[in-house]
1. (1) modelled with pLDDT under 95; (2) in a loop (DSSP other than H, G, I, E, B); (3) open to solvent by 10 Å² or more (accessible area, probe 1.4 Å): which one isn't true of SER222, the others all being true?
2. Restricting attention to segment 296-315, does a residue exist that is farther than 26 Å from ASN30 by Cβ, at pLDDT below 95, open to solvent by less than 40 Å² (accessible area, probe 1.4 Å) and among the small types (Gly, Ala, Ser)?
3. Taking GLU216, is it modelled with pLDDT of 95 or more and either part of a loop (DSSP other than H, G, I, E, B) or charged (D, E, K, R) (or both)?
4. Of the numbered conditions (1) surrounded by 22 or more Cβ atoms within 10 Å (Cβ to Cβ); (2) on the phi < 0 side of the Ramachandran plot, GLY238 fails exactly one; give the number of that condition.
5. So, in segment 18-60, of the ones that are among the polar types (S, T, N, Q) and without any contact (Cβ under 8 Å) to a residue 12 or more places away in the chain, which residue ends up farthest from ARG96 (Cα to Cα)?
6. Please work out which residue is modelled with the lowest pLDDT, limiting yourself to segment 146-176 and to residues that are outside any helix (DSSP H, G or I) and more than 19 Å from the chain's Cα centre (by Cα).
7. Which residue out of ASP23, ASP72 is open to solvent by 20 Å² or more (accessible area, probe 1.4 Å), within 26 Å of LEU217 (Cα to Cα) and under 18 Å from the mean Cα position of the chain (by Cα)?
8. Just the residues that are touching a Phe, Trp or Tyr at 6+ places or on another chain (Cβ under 6 Å), within 25 Å of SER214 (Cα to Cα) and part of a helix (DSSP H, G or I), please, taken from segment 117-145.
Amino acid sequence: MCTINLDNIQESYIQVLQAKHGDALILCCNKSDKRGVIVIDGGPSPNPRFNPFVKEVENCLPVDLMILTHFDDDHLVGIKDFIERHQNDVPFPVKRIWANCAKHVDFDTSEDLSSNKASKMADILCAISQKTQFDWEGYRLNGFVDDTITFADIDIINPRKDLFKYFIDNYKEEYNVGVTEENLSNKIDTDSDINIDMRELAQRSKTLGNPNKSSELVNMVSLSMIIRCDAFSVLILGDSFPQEIYLSLIERGYSKENKLQVDFIKMSHHGSANNISNDLLDIIDCDKFIISTNGSKGYKHPHREAIANVLCHPERDYSRTIHFYFNYPLETIINNREEALFNFELDKCLNFECHEPKEINRFILLP
């Protein structure tokens, strides 16, 4: 196994925090002489009285842009905890926030629903914006580019306008309030595939995201973007489904002959098999893949099949080494999955390396 040297932190970096089964990233970006900090998602809260995500963000203040990709708990709670903790600060320590879908769905039911948590967070943001100079938006759509951001170029590629409108119009009706959000999540209960060759796994057909399933609809409208600065470029996919990302990239002129080139991809939905596809990978030129999960909650993330797609999609150049960056030690992930992820006898010919963190509560990728 390879490891990242964290001794010399450069001006620009991607920090993938340990957020259990969720996502939480801090990006420090430089463009020419401009420098800025972007926070993307906040993970779940491992401890209601103390969220280490909040402390990590406080080490980077002020934050130039804070992004909530969607309101599932494993992306939302840390952001919400930070905002509640600092809501009375003057000035507020975040210059702008994109809180995707935070104020578009509200239920008169349990406060434990993540949609209600997001709505209450939006109420706090409205109150903050009334008393201090602070910019926040409840959505950003495919094609949006903010020219006022000087330290990075950010191109929003999801959600697409038609799907977002469908979400606004239908999510509340589709949501069965008698079913807990825990059960709405897609847990995949399949036979072990540890002894199946990855080249075979990569050929499996995918289940497309279904907008008529509320749990999938929330993920389908997940805010996704390409972020470029002087030191690195990264495709952030939230929990999006690949067909939406594929369409957005095709519309931008990308293809097998003209691939999107990025340094890193933050894999969608913690490395879930149905949130990646050969078609999408075939139009992207990238050899570094970030996987954010500790393998817990019974989802068995990341899925071996998703790894197989990265390593064995038809346009894969086997002469280039693929790098997987995990924000937890593989031993932790495998113990939580209760199943191995790699069969090194079968997989050793596929030219890849795995990178694991050394430090607790943070993992910095240096371009």
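1. Only one criterion in (1) modelled with pLDDT under 95; (2) in a loop (DSSP other than H, G, I, E, B); (3) open to solvent by 10 Å² or more (accessible area, probe 1.4 Å) is unmet by SER222, namely (3).
2. Among the residues of segment 296-315, at least one is farther than 26 Å from ASN30 by Cβ, at pLDDT below 95, open to solvent by less than 40 Å² (accessible area, probe 1.4 Å) and among the small types (Gly, Ala, Ser), which makes the answer yes.
3. Here the answer is no, as GLU216 does not meet what is asked.
4. Among (1) surrounded by 22 or more Cβ atoms within 10 Å (Cβ to Cβ); (2) on the phi < 0 side of the Ramachandran plot, the lone unmet condition for GLY238 is (2).
5. In this case the residue turns out to be ASN47.
6. ASN176
7. Matching residue, one of ASP23, ASP72: ASP72.
8. Once the filter is applied, which keeps residues that are touching a Phe, Trp or Tyr at 6+ places or on another chain (Cβ under 6 Å), within 25 Å of SER214 (Cα to Cα) and part of a helix (DSSP H, G or I), segment 117-145 yields only ALA118.
The values are calculated or read from the model by the stated rules, or taken from the named source; none is laboratory data. None of these values were measured; they are calculated from a predicted model. Glycine gets a Cβ as well: all are built from the backbone with ideal geometry, and neighbour counts include every protein chain shown. Only protein heavy atoms, including side chains, enter the accessible area calculation; ligands, DNA and RNA are left aside. Shrake-Rupley method; radii C 1.70, N 1.55, O 1.52, S 1.80 Å.
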